[in-house]
1. Of all the accessible heavy-atom surface of region 361-454, with the other protein chains kept in place and a 1.4 Å probe, what percent is carbon and sulfur?
2. Read phi for every residue in region 60-71 and hand back ³J(HN,Hα) as whole Hz from Karplus 6.51 cos²θ - 1.76 cosθ + 1.60, θ = phi - 60°, with x for Gly and Pro.
3. Within the set of other residues whose C-beta is less than 11 Å from the C-beta of TYR833, count the net charge using Lys and Arg as +1 and Asp and Glu as -1.
4. Using a Förster radius of 25 Å, what is the FRET efficiency between LYS574 and GLU603 based on their Cβ-Cβ separation? Nearest 0.05, please.
5. State in Å² the accessible area per residue of region 174-287; use a 1.4 Å probe, count heavy atoms of protein chains only, and round to the nearest integer.
6. Please give the net charge around ASN1227, taking every other residue with its beta carbon less than 14 angstrom from that of ASN1227, where Lys and Arg add +1 and Asp and Glu add -1.
7. Report the charge-dipole magnitude of region 211-359 in Debye, nearest 20, computed about the Cα centre from +1 at each Lys and Arg Cβ and -1 at each Asp and Glu Cβ.
8. If each of MET708 and LYS309 carries a label point 7 Å out from its Cα toward its Cβ, how far apart are those two points in nm?
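The values are calculated or read from the model by the stated rules, or taken from the named source; none is laboratory data. Keep in mind that this is a model prediction, so the values were computed, not measured. With ideal geometry, Cβ positions are generated from the backbone for all residues, glycine too; neighbour counts draw on all protein chains shown. Please note that ligands, DNA and RNA were not included when accessible areas were found on the heavy atoms of the full protein model with its side chains. Shrake-Rupley method; radii C 1.70, N 1.55, O 1.52, S 1.80 Å.
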Amino acid sequence: MDSLCSIGRSTKKGKRQQGFIGEKGIGFKSVFLVSQQPHIFSNGYQVRFREEPNSNCGIGYIVPEWVTKKPYLEDIVNIYGSNKELPNTIFILPLKPEKVEAVKTQLSELHPEILLFLSKVKRLYVCKDDRDSIGNDNVSIVSIASETSCVDLSSEGADSRVVQLSVKEKTCDAEETCSYFMWRQVFSVKTENRVSSRLDFDQWTVTLGFPFGNRLRSRGTSSIGVFTFLPTAMVTNFPFVIQADFILASSRESILLDNLWNLGILECVPTTFLNAFQACVKSDSLFSSMAQVFELLPAYASSYPELNKVRDSIKNRLESLKIVPYEMYNGKKYLTEPKQVVRILPSFRLLLSKSVKEGASLDGMHRYQKVLNSLLDLENYAPILDFLGLAYAIPGWYGSCIQLCNLVTQGSTEVYMEVLSFLAENERILSSMYIQHIPLVRYTDQKGNVKLCSIYQTTKEVTVSQWLSNIVQVKPLLACDYACMLYKYVAAEKNVLTILVAHFLYQAHKKKFIEDSKLYDICSKIPIIDCCGHVRKEKHTTLVPAFGSKWFKLFRKNPYLNQQYIDIGDVYAKSGSFLGEFTPEKVVLDFICLYTKAMDLPELTPPNVELEIASSPLSMEQSILPDETGKSMFDLVKHVLNDVSIIEEEFYGDKISTYQDELRFLGVGFGSDDVQKSVTDRFVSLSSTGISKEQAFSLLTLISFLKMKKRIDQGWLQVMKKGKWLKTHQCYNAPERVILLPYKIDSQKASFLKFAFRIVDCGLLMLKCIKLSDTSATGLIERIKGKSWLKTNSGFKSPSETAYPNSVWGSLVRALHIPTIDELYYGDELSQYLSELSTAGVAVDTASITKKIATKFKILSSSSKLGPDMVLSMLKCFKEERQTLFSGCSEVSIFIYKYKDELHMLGAITDFEGGAGLVLEGLKSPIASEFVTTAGTMALLKCLKSVMSKSLDKSLPDNFLENIAKSKFLKTTNGYLVPKECILFDSTWESILNQTDLPSIDVKCYESDISVYKEQLKAIGVKTDSMEKPEKPDEFKSLVWIPTNVGDKGKWIESKLCILDDDNDLFGSHLYSLSHFYDAELLPLFLSAFGVREFPSLDDYFQLWNDWTSSSDHHVSKESVFIPDDLHLKNIFENVSLPLFVWFPTGNFSSSSGVLMMIYQYLGVNILSDSVKVGSIFAEDTGPKNLIPKNGLIEKGLIKIILAFLAGPLLNMQQKKRQQIVTTLLNLSLYKSDQPIKVTYLLTPYPNEIVKAETKKMVFWDRSSKQLIVDESGYENRRSSIEFASCFAQEISEGLLLEGRACAVSSLSRIIHMGFVYEFKEDSVDYLLVRENLKMLNEDNEFLGSAFLATKQYGKRAARVKSEKMSPFTPSCKKSCRRLLP
């Protein structure tokens, strides 16, 4: 009770070694998030605490009030159960109305592993008391079912135990259990990882939990990977749990991955894992199999880089441990290092097992790389084996194993044949050099003894031929005779041998071993494999393969099979290798077709038999004669209509179409309508059940095709909408009940309908719905405003509680604990929905954020919730942002000073003297150069003076002295230096030294006399003692001899005027490059002995620049030249006599132009496109202006593009405004002029001089007279002139988007240009809009139809007017012309 009635005085503080996890002393105060007045019944106490300040003392949260009203103790007994004994302590939390559903959700999603690392709690029981319902099935129980005694491993500073967790979500559910092997290890805290909040701790305790099988997960929970006694929200992707005393983020959802304490703990995790893993590997009782142990390895990478470092460390250290089991085929368990083990092919493993069963000894295997245990050498363990670096054996290993294990000699004939079969099936192994030279081939000598020889020996031509002819008495056999012998041995079930015969014949013919005449005879006799894979020995006629043949299109199957008409199977089309000769695809098939004289219709002469298919009338489902549209439709879905035939018109010729009545009488379908009916009927029949992926894509393709052709049957479409044919993550469902999420959402996230306010993509989906709904999203916004669906740094919050991250106000928002949206969680896509976030209630702009800050401060200050840490953070933010505070927050900055005394009572430092020590303690690292200012330096010295005046020995913190000694913050005559390199110049030294002779502190740089801080400067290392006058450095000058080209003449030059090399000869005016006078071997001597510089210094470059700028040749002021960023404008001003453009390199140096452009801009050179002004645009009025029809340029497709673009995502313009803009274009009068349209551009390189340049343009929009003037020659050739198309698109875009962004004008111009090229044809425009992610809205379609209906009526009247004389006109200038000065 003492702890509950205070803040920051936890009775558990400092007792973490005893199993307590208290730290800040405010843990219980978190209940006020969900309850305004929590009740406690404990050991006679009956009290409650209120969130509101107590009426007597004005303090909330910690003032107890005795409970005299409900709930009475009897009420608690009734709820808990009258037959149960009440616990000693009971908490009752009357929930806030808005928190009821959130608490229900959180309790229902209670993580089952929550008890793993809690030393006091053994069981959690959650029950919803619902007395209105029959029975109570709303029960969730998590408990530790059993726990083995702790096994102490004192030699390793570790212990282990097995914990069995059980979870039960409902009374009627079966209990789920999972056992966890817990390994706990203690480490000493490293000095470099100590932090202020853990100074009392000398040890880290790291615990890893390894699950036996699948981990426990309840509804809505994920596999948490990191615990700090309680689970965080971090999913590591590792198959084990990490528990340690990590320092958490304020939200408690993750650990601080950049914290030194946490990084030190993570460095201990690999050692803990390796010790635990080795214990599991060596134990025979913990896990059911060795493979289950290896499932604990972190085979998959984590999404956290710091945890991937842990994974990499584990991987590297596993390489030297004997942990991998290998086979010795003697029933014993052997372990070795991963690099000593290889994976082998399954067929060879079976071969070894068979040899062992027959009694063969495989002792020779241990002399070479070991074979991985068969329990692990499975495909599903591939990621784990890859993590360990276990690769498949190289081809030479198999040869070594065969030889070392004597598989050829000690195995039976069956094993020997298996060895040969294995080598024959694995050509890569057979072709290895080692296999070629080992004794592998058995043969019988003259005495009948079985001997061995190598494959290499059998391939020696002389030896083999002699042995065959003299000993075996084998006679030569021609290839054709051998082929005739082969086909007699082909059995019906050996189709592989049949294929080999075909390959043999092809290769023999290719090498000209068999003549064509004999080959036809052989092929007429050899068996053939048909399309069903059957070997056919007897054949009357050979048919070409079914695919693509005319006979198959007509009959759909072989109707003459019983008459021995054999079709050639597609099996011959595969590529293959025969005796080392590779044959490409379809080559053997073409060969067999040619030499078996395979036939097709109409050459085929069928036998005189009744056709089965002709014995019944044809139907539309069997045969259709389509038109072109029907053919296209059929090709899209032909694999769905595999039993419907398309009549081959080419086969019958054009005459077939003259028999439509007769064919229709026979049941043949006609045209695209019948094709569509067959297709749609087929999909209707399939829609009642789930269809395959290919069929689904065919259906969607068909709908797209019918939509494009405007042939969709709405009745059929409604049937398909209701059919359950779409595969979802749950089951097959109807399209109208399915949502297509973005492709990045996995199957687990796809359940967002149930947990909609906890998914990142769902949050983005909400915002996208608001954006697309436009004005109709009001209802949706009202429904989600109060829901906690936005992920923030404080968990999920509602929009009204949340602010968008702001770089200006971010620190103040964090200080006041205002939830801000987690940008890392949502990614960059969130920035596209700022207006939608603002509409939903999120504080996005400056005004709303400052208002939220002021409101939050008022609430905190009035409710006594301002703690010392929060106030200090807030005051720091005020100081940092005092120059940028807006009026909306001025009341906060003024309001805070009214509480100065209270701030001091809370621990805030309100005067300079009190804060000086904090400044020194706060210097945790050397001062970075970008933060160094003269005012800051003086303030630091003032703090030093204040601290030293209070200290008797005038000592300073060691940490401060260490960091200040490394800080270059003192300005001297030699630049900024660290204190020990600086000297405080004494005026008494002026008789022998100048101030610039030494690195003296530049006193002029500082506002006040810095010498008053002499004592403080000396304390940090500055030399200030005037007792010893520094001596002036010796002015010894080293000289270098520079020879000339005349004899032995030359001159002595100071070494400081020399450099070793001047590659580009830039510094010849004031430096001497020694590489021009001496050999390269001597140059290092000048560098070491004479102090000659290797390269020019920065001062030399400045001097070179000054020399250039002082020269009048080829140099002008920066205001007189321009950066030519626009090539079109540059070409216009190219012929001007004045030098207008800056210099850019050419040739090999052109790649540096971008950098040089940035330098010019930094120096203040103006950009050409920003400097040019349009002086005037005019057309000469000497001739008439001819009216041209609008449909020649202002076409329906153009207006369609413009409307879709204005409504698109780049501009998102409102309906009324975009239609008004388009109306201005439709109201234009179009004229063509035979006189050029001239544009004058003005450029002002000098104050009193204006440069003019004139060019022509093809199109001009005169807004004053509402006319569009086009050049006559360009208009006549508009379809072939890219210049006219480009100018037209640019002028229309600029005219429509006068106040638009440059990117919008450019994008619209590009799309109009593309449409112009394709004459704004309807199908081209539709395709273009789809490619640009644009679409026409319904209201724009209505507007477009009415506009062009009126235009068409107007065009009929205007057709009578052929031309119209125009009076001279003077178009208005885009920008007003300034008076030209002489």
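1. 53
2. Going residue by residue, I get x, 6, 10, 9, x, 10, 5, 8, 10, 10, 4, x Hz, with x marking Gly and Pro.
3. Local charge sum for TYR833: 0.
4. That pair, LYS574 with GLU603, gives E of 0.40.
5. I get 40 Å² per residue for region 174-287.
6. Every neighbour counted, the sum reads +2.
7. 600
8. Between MET708 and LYS309, the label points sit 5.4 nm apart.
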